[in-house]
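Below: one structure, written as structure tokens.
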Amino acid sequence: MKLKLIIVALAVFGWSPALRGQNFPNRPIEIVVSSSPGGGVDLVFRLIAEDLAKNLKTQINVVNQTAGAGAIAAEKVAAARKDGYTLLGSLLGQVATMTVANPKAPANLVRDFQPLAILYGYAAVIMLGRADSEIKTISDLVAQAQKKPGDLIVAVGPPGTSLTLEVELLKRAAKIDLTSLPFAGSAQAITNLLGGHVNFAMASDVAAQPHIKAGKLIGIAVDVESAVLPDVPTFAKQGYPQVNLLASVAFLAPKGLPDANAKILVDAIRKTVQEPKLQENLKSRGYNVDLRTAAADVDKLLKEEIDKYSRFTPEDLGWKTQ
Amino acid sequence: MDTFHLLAQGILTAASPLNLLYGFLGVLLGTLVGVLPGLGPAGAIALLLPLALHAPPLAYLIMLFGITYGAQYGGSTTSILVNIPGEASSVITCIDGHAMARQGRAGPALGIAAFGSFIGGTLAIFGVAYLAPALAEFGLHFGPPEYAGLMLFGLTALVYLAHGPMDKALLMALFGSLLASVGLDPVTGQPRFTFDILVLRDGIGLTPVVIGLFGVSEVLVNLRARAGEVFQKTIERLLPTLQDWKDSALPITRGTILGFLLGAIPGLNVVIATFAAYAVEKKISRHPERFGRGAIEGVAAPETANNAASCSGWIPLLSLGLPTGSVTSLIFGALLIHGLAPGPLFIKNSPEIFWGVLGSMIIGNVLLIILNLPLIGLWIKVLRVPYFFLFPLILLFGIIGAYTTSGNVGDVVIMIIFGVVGYLMKRFAYEPTPMVLGLVIGPLLETAIRRSMIMSKGHIGIFFQRPIAAFFMGAALLMLLSPLLTRRRLGHEIIEKLGEQ
């Protein structure tokens, strides 16, 4: 049935790989996305892939492979043919955490991948509070936490995600004690904050925005300026630049693909993302569009990402092996 | 405009040719993935996600919603016919539904499942239209301690799910919850029982286990037994009798209410609603001994409950913008693709979408009942298909289903392993249903208790100081102690036990 659906989809929307004279790409490109379909990471790749396919004049298949917290997708692409037809679309931090926790794993961010393009700080993580609470800023929060160590509860995400780790960084930087209560993700964290079961919640800015608009919740701080909530100040502006696990997504190719193919892909991605229509499209859905493609730039960002996560133990990152 | 007019407006919008076409495609596809064991609505929606960028928003959403409730209609078909649930939410239907089929009453079983689905599904839409905001607020009162109470109360339903000896059922429930603990610890992130196998980090999924336990094992059992003996019986009739309707009227009513209320609580699996509906029917029945031997109430109540629950399951998403499971998360993504940010103001800001989708669900349910009743005759013919042809097909769809859920071969291996486990369980008369209950409730109960303990800094009082939590804790205790209080029943059971020995 899956095959049938794909065939129908192809027939309806008429994607046919243009058989032109050029050598690359002359067949479909596969982007393996290591996040679940319909989520924020998946959506950004789908939106870009849609227009990228037109620019590259080939078909692009976005497939989701979420098993093993993204490790299986990373391993698959790392082991794929180094020709540019198989790419990894991933949250950079996801691959960085695996690498930091176990540098000898089959997929290592620095050893096995060549970053083609990085959408730097693609979406903000926000710390939310309740509109009816007295605590409106980070300094209010720190003052309150100093008075009652461990009494304030923050709903965070699963262990190892930036939703969780940024609270750890805040605790370290401000030398305060907050109780982190892990949930499955932004939606659950927000639900529990709305229900008054916790004092604060960490969430994605897109998920949080409707609740702030409705006047139920307030934004206390963001890790990077948010496209949908421009009024919420960053942690850095409130004196805590250490809370900076900015989420970036990256197009990663297996290391060692031919330079010519890499250049075609990088140029096409840059051209696609610079088109005003897609920019508008991405921004209206809450994405920050800060694309980095220069080789020196992306290599530096990759190393920075590793450094950021090296501040944590494998246990913190949720990647301790048995 | 009042709710009634808005809903009427929605029906009119949904009845436009384009929306109607997409709606029909949705419910048809939903029925199909519902019938096929292993394939579910989540897989189908994920597959259709790329179309979101091209299709008109409302029509596209109507199709996606159609898949979700269409699947609840289809799920019972294979449960009844071949004892293999098409969806996890039809696991419980196997017990009495398949027993009915063995008695030559597959027609009435399929019929009551379809009518129950229609009634539960349609009433729940009106429930959503009138009660969504209020129920959404109510759902927010469920924090970790309340979940812990509710889950503990849910576990007491075990008593009514077991047909054989209680000790075996308990053992299976325990086995199920142990299985659920495989994977990353939800609080600390440390791997448990993963043996450094990457796939096991994600835990053991419900879908591959259910296909294995019910589907693969059934195929294995039939390999061993003389195939085809079951359905030599003549099939008496295709639709429920008047007596069937009398027996089912109240179970359908109760199934609707229970399913609707449980579905509105964020994060509660529809499976739990079906188990609860079954347990309630058996508990209040004057003849509980009929359950497990083809009681039509055992089909009517859970099949109604799963439709009502899957409908009210939209409340947290539509009125608050909070996705609560894999299917709702996918629809959340689809709404985002169309630039419709679901949130507390969604109904106010996008009324044409909200009421259009609700309207389409009313039309869709009518389409589904029209589609499903004639299909009963066809399905019954499927029973005449020789096993050597039918079962390889079931196995094939099982494998496809297990694979598409996660896109991982590991899940296919898990499915096959649980096929063998399920075969052994059948050989030694262990029931799989309590195990599914353990697998569904186990992780919810664990995270709820551990989160509660973090909140209270280790004080157990948190479960009794908050009114809703205390209510469920009390109810669970009462359920467990009630056999001791009602001495007559206890005496009866002891006599029964002695009689068995």
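The values are calculated or read from the model by the stated rules, or taken from the named source; none is laboratory data. Worth saying up front: this structure is predicted, and the values here are computed from it rather than measured. We place every Cβ from the backbone using ideal geometry, glycine too, and count neighbours over all the protein chains shown.
Within the stretch B:388-399, the set of residues being more than 21 Å from B:Val210 (Cβ to Cβ) and touching a residue at least 60 places away in the same chain (Cβ under 8 Å) comprises just one member, B:Phe388. Looking across the stretch A:111-148, the residues that are in a helix (DSSP H, G or I) and crowded, with 17+ Cβ neighbours inside 10 Å come down to A:Asp112, A:Ile138, A:Leu141, A:Val142, A:Gln144, A:Ala145.
The condition (being assigned to a loop (DSSP other than H, G, I, E, B) and not acidic (Asp, Glu)) is satisfied by just one residue among A:Lys237, A:Lys277, A:Lys283: A:Lys237.
Checked against (1) out of contact with any helix residue (DSSP H, G or I) (no Cβ under 8 Å at 6 or more places or on another chain); (2) under 19 Å from B:Gly292 (Cβ atoms), B:Met100 passes all but a single condition, namely (1).
Scan the stretch A:201-221 for residues that are among the hydrophobic types (A, V, I, L, M, F, W, C), part of a strand (DSSP E or B) and surrounded by fewer than 24 Cβ atoms within 10 Å (Cβ to Cβ) and report the count. Give the derivation first.
So the first thing to find is which residues in the stretch A:201-221 are among the hydrophobic types (A, V, I, L, M, F, W, C), and the list is A:201-203, A:206-208, A:212, A:214, A:217-218, A:220-221.
From what's left, part of a strand (DSSP E or B): A:201-203, A:217-218, A:220-221.
Adding the requirement that they be surrounded by fewer than 24 Cβ atoms within 10 Å (Cβ to Cβ) leaves A:218, A:220.
So the count comes out to 2.
Across the stretch B:269-323, the number of residues qualifying as touching a residue at least 40 places away in the same chain (Cβ under 8 Å) and basic (Lys, Arg) comes to 3.
For the stretch B:294-338, residues that are farther than 28 Å from B:Asp247 by Cβ and of a type in the set (Gly, Ala, Ser) total 7.
Filtering B:Ala470, B:Ala476, B:Ala448 for residues that are under 25 Å from B:Ala276 (Cβ atoms), among the small types (Gly, Ala, Ser), surrounded by fewer than 18 Cβ atoms within 10 Å (Cβ to Cβ) and touching a residue at least 60 places away in the same chain (Cβ under 8 Å) leaves a single hit, B:Ala470.
Just to verify a result, which residue in the stretch A:270-322, among those that are more than 24 Å from B:Gly333 (Cα to Cα) and among the hydroxyl-bearing types (Ser, Thr, Tyr), is surrounded by the most Cβ atoms within 10 Å (Cβ to Cβ)? Filtering first and then ranking leaves A:Tyr309. Taking (1) in contact (Cβ under 8 Å) with a residue 40 or more places away in the chain; (2) buried (at least 24 other Cβ atoms within 10 Å of the Cβ) in turn, B:Ala44 satisfies each apart from (1).
Of the helices (runs of 4 or more DSSP H) lying entirely inside the stretch B:385-455, those containing at least 2 residues that are more than 19 Å from B:Leu36 (Cα to Cα) span B:409-427, B:433-455.
Kindly indicate the residue of the stretch A:66-88 that is within 14 Å of A:Val41 (Cβ to Cβ) and within 14 Å of chain B (Cβ to nearest Cβ) and also surrounded by the most Cβ atoms within 10 Å (Cβ to Cβ) among those meeting that condition. Ranking the candidates gives A:Ala74 first.
Listed residues A:Val232, A:Val298; which is of a type in the set (Val, Ile, Thr), more than 14 Å from chain B (Cβ to nearest Cβ), under 22 Å from A:Val167 (Cβ atoms) and out of contact with any Phe, Trp or Tyr (no Cβ under 9 Å at 6 or more places or on another chain)? Before you say what the answer is, go through the steps one by one.
Working: A:Val298 fails: under 22 Å from A:Val167 (Cβ atoms).
Answer to the check: A:Val232.
In this structure, B:Gly121 qualifies as part of a helix (DSSP H, G or I) and either surrounded by 24 or more Cβ atoms within 10 Å (Cβ to Cβ) or within 14 Å of chain A (Cβ to nearest Cβ) (or both).
Of B:Leu368, B:Leu375, which residue is modelled with pLDDT under 90, part of a helix (DSSP H, G or I) and away from chain A (no Cβ under 14 Å)? Before you say what the answer is, go through the steps one by one.
Values: B:Leu368 fails: modelled with pLDDT under 90.
The unique qualifying residue is B:Leu375.
The numbered conditions (1) within 23 Å of the chain's Cα centre (by Cα); (2) assigned by TED's automatic domain parsing to the domain that holds A:Ala250; (3) not hydrophobic (A, V, I, L, M, F, W, C) are all true for A:Asp83 except (1). Taken over the stretch B:124-144, the residue count meeting the criterion of being away from chain A (no Cβ under 14 Å) and not small (Gly, Ala, Ser) is 5.
For A:Ser180, the requirement of being in contact with a helix residue (DSSP H, G or I) (Cβ under 9 Å, 6 or more places away or on another chain), within 14 Å of another protein chain (Cβ to nearest Cβ), under 29 Å from A:Leu282 (Cα atoms) and crowded, with 19+ Cβ neighbours inside 10 Å is not met. Among all positions in the stretch A:236-243, there is no residue which is over 27 Å from A:Leu128 (Cβ atoms), of a type outside the set (Asp, Glu) and more than 18 Å from the chain's Cα centre (by Cα). Take the conditions away from chain B (no Cβ under 11 Å), within 30 Å of B:Leu39 (Cβ to Cβ), modelled with pLDDT under 90 and surrounded by fewer than 23 Cβ atoms within 10 Å (Cβ to Cβ) and apply them to A:Ser36. Does it pass? So A:Ser36 does not fit the description; no. Within the stretch B:224-248, the residues that satisfy the criterion of being of a type outside the set (Ser, Thr, Tyr) and modelled with pLDDT of 80 or more are B:Leu239, B:Pro240, B:Leu242, B:Gln243, B:Asp244, B:Trp245, B:Lys246, B:Asp247.
When you scan the stretch B:91-107, do you find a residue that is among the hydroxyl-bearing types (Ser, Thr, Tyr), within 14 Å of chain A (Cβ to nearest Cβ), outside any loop (DSSP other than H, G, I, E, B) and in contact (Cβ under 8 Å) with a residue 60 or more places away in the chain, even just one? Before the answer, list the steps.
Of all residues in the stretch B:91-107, those among the hydroxyl-bearing types (Ser, Thr, Tyr) come to B:93.
Narrowing the set further to residues that are within 14 Å of chain A (Cβ to nearest Cβ) leaves none.
There is no residue in the stretch B:91-107 that is among the hydroxyl-bearing types (Ser, Thr, Tyr), within 14 Å of chain A (Cβ to nearest Cβ), outside any loop (DSSP other than H, G, I, E, B) and in contact (Cβ under 8 Å) with a residue 60 or more places away in the chain.
The set of residues from the stretch B:316-359 being facing chain A (nearest Cβ under 7 Å), among the small types (Gly, Ala, Ser) and over 22 Å from the mean Cα position of the chain (by Cα) comprises B:Gly321, B:Gly333, B:Ala334, B:Gly339, B:Ala341, B:Gly343.
Results for (1) touching a Lys or Arg at 6+ places or on another chain (Cβ under 6 Å); (2) surrounded by fewer than 22 Cβ atoms within 10 Å (Cβ to Cβ); (3) over 27 Å from B:Tyr278 (Cα atoms), shown as yes or no for each residue.
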{"residue": "B:Ile363", "(1), (2), (3)": "no, yes, yes"}
{"residue": "B:Phe389", "(1), (2), (3)": "no, yes, yes"}
{"residue": "B:Ile416", "(1), (2), (3)": "no, yes, yes"}
{"residue": "B:Leu424", "(1), (2), (3)": "no, yes, no"}
{"residue": "B:Pro434", "(1), (2), (3)": "no, no, no"}
{"residue": "B:Leu444", "(1), (2), (3)": "no, yes, no"}
{"residue": "B:Ser452", "(1), (2), (3)": "no, no, yes"}
{"residue": "B:Gly461", "(1), (2), (3)": "no, yes, yes"}
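Quick check: anything in the stretch B:193-200 modelled with pLDDT under 85, within 23 Å of B:Val271 (Cβ to Cβ) and surrounded by 19 or more Cβ atoms within 10 Å (Cβ to Cβ)? Yes, the stretch B:193-200 has at least one match.
Restricting B:Leu171, B:Leu123 to residues that are modelled with pLDDT of 90 or more and under 28 Å from B:Tyr430 (Cβ atoms) narrows the list to B:Leu171.
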